[in-house]
Amino acid sequence: MPQASSLSPRFLFILLGALAGLTPLAVDMYLPAIPAIARDLATSIDGAQLTISAFLGGFAIGQLFYGPLADSFGRKPVILAGLTMFAVASVGCALSTSLPTLVLARVMQGFGAAAVTSVNTTLIRIIYPKAQLGRGMGINATVVAVSSVAGPTLAAGILSVAEWPWLFAVNIPIGLVALWLSRRFLPDNPVRVSARRFDWRDAVMNALTFGLLMASVEGFSHGLDPRLLTLGIAALLIVGFFFIRSQLREPYPILPFDLLRIPIFSVSVVTSICSFLGQMLAMVALPFYLQHEFGYDEVATGLLMTAWPAVIMVVAPVAGMLIERIHAGLLGGTGLTAMAAGLFLLAFLPEHPVPGDIVWRLVLCGAGFGLFQSPNNSILIASAPPERSGSASGMLATARLIGQTTGAALMALLFHIVPDDSTHTALLLAGGFALTGAVVSLTRIRLPLPEGLARQKK
């Protein structure tokens, strides 16, 4: 059996990127089918959107749980456990015949996927030389982009010959192959905090805090009874208070508030939230926008949406190399400005757009996002001490999930308050959030870069 230590860093990067690609595959492949799921399960549009929020909610609850757990017990076992849960939950998704069962299965699927995503960037930092961390992140982002490209394209192919449950069935063999590869090739954990104790009480409080937060946001978006919503918010405030108080006293907290004291780290977290909020808001809106406003079918929608992640494959590795010459804050600000421009242009498509009209705007969005992602991730991971890399990776995932979950919930809210113009409004708001992220990113130019990234400035 090949030993992980004898394998090339490039192979390990590709493997780690492929593992991280499970999450975008599980989301992006699914998006073109949302209108069909709403129809087949006899639910509303915002009801079908709830299945997206369920995945993201499970992911959000899991990702802060797994980071510290990996620092305590090793990253490889955590990834293996997460992949097992992902594969089992995918079976449940494929067999679901009602909205409640699909929502439950999606929660478990997201919880399993969180283990992979929250740990893999930490392994990249361990494997790749510090001075070339940006390149490592670029390679990883490229492989992740491959999954994002494959998602809508694979969805288009499957939906042309089969029903939407097969979109979930495909994840079963993918998850099993990923499990086998990880068990055989991933290195054991070389950075381990032996004295660290994993606090299960805090883990439960973390799950309750984020679960109640997401439930409150979704409840507000879906018009939940105000009395129940008030009760949920009250529970959130009580549990959240005790959770935060406990975390501030911990030397190795699940939610690393102490890392937010690092200026460039906290600014990068805010940038991530803004960018992923805009991205998810746009990605949820686009299937309805293209199908209901312009008459494209599910297959065409999947193929058109491929343009966004496809260009990331080209731009992400270039951005990873540019970090060695150009300030990461400037790269991120420029990228998010381009993404905002693409989103605004999508909101003002001509009355009868041809595919080319849509594709070049999506390409602009993808190019901008690709230029932002690698530099931002590099700063986040490099800013934390090596022994806290698991927590930093978890915070990266947290920022992404807060943005994505809020974006999905905001889309549901728009379906309620502006039903006749919800998708157009969503694209305008998405552009606004991307532009806000660009402004925040540019503030990092005046801040000192972490070791490794700073040395490469010319």
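The values are calculated or read from the model by the stated rules, or taken from the named source; none is laboratory data. None of the values given here were measured: they were computed from a predicted structure. A quick note on method: Cβ atoms are made from the backbone with ideal geometry, for glycine too, and the neighbour counts reach across all protein chains shown.
Annotations
- Which listed residue, of 259, 290, is under 19 Å from residue 402 (Cβ atoms) and in the same structural domain as residue 48 (by TED's automatic domain parsing): 259
- Test: residue in the stretch 238-245 that is of a type in the set (Phe, Trp, Tyr), assigned to a helix (DSSP H, G or I), in the same structural domain as residue 401 (by TED's automatic domain parsing) and touching a residue at least 12 places away in the same chain (Cβ under 8 Å): no
- Out of 326, 402, sole residue that is out of contact with any Pro (no Cβ under 8 Å at 6 or more places or on another chain) and assigned to a helix (DSSP H, G or I): 402
- Any hit, the stretch 313-321, residues being crowded, with 24+ Cβ neighbours inside 10 Å, in the same structural domain as residue 364 (by TED's automatic domain parsing), within 20 Å of residue 400 (Cα to Cα) and modelled with pLDDT under 80: yes
- The residues listed here are 366, 332, 356, 342; of these, the one that is modelled with pLDDT of 85 or more and over 30 Å from residue 46 (Cα atoms) is 332.
- For the stretch 330-364, residues that are among the acidic types (Asp, Glu) and under 11 Å from residue 304 (Cβ atoms) total 1.
- Scope the stretch 304-336; condition β-branched (Val, Ile, Thr) and over 21 Å from residue 448 (Cβ atoms); matching residues: 306, 311, 312, 314, 315, 318
- The set of residues in the stretch 338-357 that are under 23 Å from residue 438 (Cα atoms) and either β-branched (Val, Ile, Thr) or not in a loop (DSSP other than H, G, I, E, B) (or both) comprises 338, 339, 340, 341, 342, 343, 344, 345, 346, 347.
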